[in-house]
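Contents: one structure, followed by commentary.
The values are calculated or read from the model by the stated rules, or taken from the named source; none is laboratory data. Values in this document were obtained by computation on a predicted structure and should not be read as measured data. A quick note on method: Cβ atoms are made from the backbone with ideal geometry, for glycine too, and the neighbour counts reach across all protein chains shown. Protein only, heavy atoms only, side chains kept; ligands, DNA and RNA dropped before computing areas. Shrake-Rupley method; radii C 1.70, N 1.55, O 1.52, S 1.80 Å.
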Amino acid sequence: MEAANIKADAFEPAKRATKRGATGGGQQDVEMQVDEATGIEGQVLGSSRASAPPKAKRAKSELRKVSVPPHRYSSLKEHWMKIFTPVVEHMKLQIRFNMKARQVELRVGPETPDIANLQRGADFVRAFLCGFEVDDALALLRLEDLFVESFEIKDVKTLRGDHQSRAIGRLAGKGGRTKFTIENVTKTRIVLADSKIHILGSYQNIQLARRAVCNLILGSPPSKVYGNLRAVASRLSERM
């Protein structure tokens, strides 16, 4: 029950409080947005923004916002603590879900050891929202040479109607067998999201997987694609 309460709190909209701050001879209203789950605060000054200190301007560059697609909203809520924990405890970043803007916001905190962690944290959240499992997306935090490449079927070949549906079927295979085979041979992870394809892996492995996917889209039989994949993978392993 405690975990359920924490999840609910993490998705509650930020509470607002109004403080009075004195600058120089006069006063101005300062509106603070505070998220209890993560401690992220944002200031909106009542007077002109030109009077904001330089530190506030720098803070904006230390913020990443990742938009949440409507179909991933429930999954994000369900796995929120699995995303929240590594980002806060290991990357030392601040994170919250902005319900009004439907965005996940990440910010550098005072304990963040390296500002590069902000981009890695944003890539991790973005990979999950693309459809990857949390455990697969976590590799982006642990390893530095991993990337996510996204493209659409129409980028390879213009297909419409049943032709596009058959191409997606060739990519997945019976029971997902074709997709799993490409993943295992190239050591990547692939997400088929309608006409969009997302590939997670190292640069070289992504190129192998993408070549196999493109050949399937263009109409090559799976058996020929498997043979080419295994031949290339064996040559790579010999070089290594």
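Being small (Gly, Ala, Ser) and not in a loop (DSSP other than H, G, I, E, B) is the filter; apply it to the stretch 183-207 and report the residue that is farthest from the chain's Cα centre (by Cα).
202
Residues checked against (1) within 24 Å of residue 159 (Cα to Cα); (2) at pLDDT below 85:
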position: 197; (1), (2): yes, no
position: 201; (1), (2): no, no
position: 204; (1), (2): no, no
position: 209; (1), (2): yes, no
position: 213; (1), (2): yes, no
position: 217; (1), (2): yes, no
position: 236; (1), (2): no, yes
position: 239; (1), (2): no, yes
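Output yes when any residue across the stretch 87-103 is β-branched (Val, Ile, Thr), at pLDDT 90 or above and in contact with a Leu (Cβ under 6 Å, 6 or more places away or on another chain), and no when none is.
Within the stretch 87-103, one or more residues are β-branched (Val, Ile, Thr), at pLDDT 90 or above and in contact with a Leu (Cβ under 6 Å, 6 or more places away or on another chain).
Considering only the stretch 162-178, state which residues are within 24 Å of the chain's Cα centre (by Cα) and surrounded by fewer than 19 Cβ atoms within 10 Å (Cβ to Cβ).
Result: 168, 172, 176.
Which residues, counting only those in the stretch 158-193, are in contact (Cβ under 8 Å) with a residue 40 or more places away in the chain and of a type outside the set (Ser, Thr, Tyr)?
Answer for the stretch 158-193, where residues must be in contact (Cβ under 8 Å) with a residue 40 or more places away in the chain and of a type outside the set (Ser, Thr, Tyr): 159, 167, 170, 171, 173, 182, 185, 189, 191, 193.
Every residue, every condition in (1) touching a helix residue (DSSP H, G or I) at 6+ places or on another chain (Cβ under 8 Å); (2) in contact (Cβ under 8 Å) with a residue 40 or more places away in the chain, yes or no:
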residue: 95; (1), (2): yes, yes
residue: 98; (1), (2): no, yes
residue: 101; (1), (2): no, no
residue: 107; (1), (2): yes, yes
residue: 110; (1), (2): no, no
residue: 121; (1), (2): yes, yes
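So which of 180, 151 ends up being of a type in the set (Phe, Trp, Tyr) and in a helix (DSSP H, G or I)?
Residue meeting the stated conditions: 180.
For residue 202, state whether it is of a type in the set (S, T, N, Q) and either in contact (Cβ under 8 Å) with a residue 60 or more places away in the chain or open to solvent by less than 50 Å² (accessible area, probe 1.4 Å) (or both).
So residue 202 fits the description; yes.
Which residue, of 166, 160, is part of a helix (DSSP H, G or I) and either over 25 Å from residue 71 (Cα atoms) or out of contact with any helix residue (DSSP H, G or I) (no Cβ under 7 Å at 6 or more places or on another chain) (or both)?
166
Go through (1) open to solvent by less than 30 Å² (accessible area, probe 1.4 Å); (2) touching a Gly at 6+ places or on another chain (Cβ under 8 Å) for residue 129 and report which single condition fails.
Only one criterion is unmet by residue 129, namely (2).
For the stretch 211-240, how many residues are part of a helix (DSSP H, G or I), open to solvent by 70 Å² or more (accessible area, probe 1.4 Å) and not acidic (Asp, Glu)?
Here the count works out to 9.
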